[in-house]
1. What is the residue count in segment 137-174 for residues that are modelled with pLDDT of 70 or more and part of a helix (DSSP H, G or I)?
2. Among the residues of segment 122-136, what is the count of those that are crowded, with 19+ Cβ neighbours inside 10 Å and at pLDDT 80 or above?
3. Tally time: how many residues in segment 25-42 are open to solvent by 30 Å² or more (accessible area, probe 1.4 Å) and either more than 15 Å from Ala68 (Cβ to Cβ) or modelled with pLDDT of 90 or more (or both)?
4. Just name the residue that is surrounded by the most Cβ atoms within 10 Å (Cβ to Cβ) out of those in segment 318-333 that are over 20 Å from Lys351 (Cα atoms) and free of Cβ contacts under 8 Å to residues at least 24 places away in the same chain.
5. Answer with yes or no whether Ser119 is under 20 Å from Lys15 (Cβ atoms), open to solvent by less than 50 Å² (accessible area, probe 1.4 Å) and of a type outside the set (Phe, Trp, Tyr).
6. Would you tally the residues in segment 91-116 being in contact with a Phe, Trp or Tyr (Cβ under 8 Å, 6 or more places away or on another chain) and assigned to a helix (DSSP H, G or I)?
7. I need a count of the residues in segment 306-317 that are under 25 Å from Asn281 (Cα atoms) and open to solvent by less than 70 Å² (accessible area, probe 1.4 Å).
8. Please go through segment 65-101 and pick out each residue that is within 18 Å of Pro5 (Cα to Cα) and open to solvent by 50 Å² or more (accessible area, probe 1.4 Å).
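The values are calculated or read from the model by the stated rules, or taken from the named source; none is laboratory data. These numbers come from a predicted model, not from an experiment. Cβ coordinates were reconstructed from backbone atoms using ideal geometry, including for glycine residues, and neighbour counts include every protein chain displayed. Accessible surface is based on the protein model in full, side chains and every heavy atom, while ligands, DNA and RNA are left aside. Shrake-Rupley method; radii C 1.70, N 1.55, O 1.52, S 1.80 Å.
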Amino acid sequence: MNVMPLKVTIEELVKDFYDDDENGARGYGGRLDIRPPYQRAFVYDQDQQDAVIDTVMKGYPLNVMYWAVRDDGSFEIIDGQQRTVSIAKYNDGDYSCLVDGYLRVETSLTHSQRQRFLSYELTVYVCEGDEDEKLEWFKTVNIAGERLRPQEIRNAVYAGKWVTSAKKVFSKIQGPAQRLGGKYLKDRSADRQEILEIAISWRSNRKIEEYMSRLQHDPSVDELWEYFEGVVDWIELNFINRENRKDMFKQNDWGYWYNLYKDRQLDPYQLEKEIAELIDNEEVQNSNGIVPYVLTREEKHLNLRKFRDSVILAQFKKQNGKCIYCEKTFKLNAMEPDHIKPWSKGGKSEKGNCQMLCKECNRKKSAK
């Protein structure tokens, strides 16, 4: 790959700039593709945009930007999209920031400030190479201090009609996927591709790359969207008191449970009764595991309250180290406490409901 330095002023960069969201963004007199298919959407917040303009107006150097040359002589951004869009949006009057101690939009800059802004020289390195080389460079470059998320890299690797369609549905803030299922996804950001990632992960049973590779050139994302709708419909059909338990319902790997239980007949009212009882049960230490428990009946999800060390030691001494089941004698570290009355039948982790078993007997008992 050949790499060459190029000096570009802001005036040259913002010439004929436009940003048409899904349809891309261009600048540099129409010769620069600011958002190639592998690039993520604009994600800078106001503070980050302000920092870019502040750096420019103080004459400090911005980080190097990287462009790639296309066969037709035009360019595409490999690294620098966020800084480029921040500059162009400020030039278009989209936001204000502090300049020389005063809050100013572009139209309120003085003549000298305007000239300082437009004449600022960006350091750009232009590279020539094949698609694989450009993509590999894109994957390894640190973009303005923000590493690419795994799904952003996958979108680059499998760029094509399917990714373009999928991003319209799953990658927009308050887009279709976030509006439909956002309330069931904890801390998932649409614009950082995390909702798209979880939807593909659910649908593919965590084989994301295999799924994306197979559909790379398919123009339709209908199959994934219909699946995602199915997951949400299943949640809302079987769990009837969701609004009062928003935090708990955001903690679950819903697609995983949907894949396992979508064909089983569940009783929403019985599930609700159990969930309410478990929420009030002081033995349950992990409320986020309640939904998995009512589906699987596996107590490990609940992180049940354990017997206190003092209770365990007292019971060990009371039994003289002898296992209740096999009646052999063991050291304390070779034994485990067990509920006499099982937790599932109302037994609590307290004195009077504890018995000591050797580890082997306890495993055999748990397996029954």
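1. 18
2. Of the residues in that region, 2 qualify.
3. Within segment 25-42, residues that are open to solvent by 30 Å² or more (accessible area, probe 1.4 Å) and either more than 15 Å from Ala68 (Cβ to Cβ) or modelled with pLDDT of 90 or more (or both) number 7.
4. Thr329
5. no
6. Step one: list which residues in segment 91-116 are in contact with a Phe, Trp or Tyr (Cβ under 8 Å, 6 or more places away or on another chain), which gives 91-92, 97, 105-106, 109.
Now drop any that are not assigned to a helix (DSSP H, G or I), which leaves 91, 106.
Final tally of qualifying residues: 2.
7. Adding up the residues that qualify gives 4.
8. Across segment 65-101, the qualifying residues are Tyr66, Arg70.
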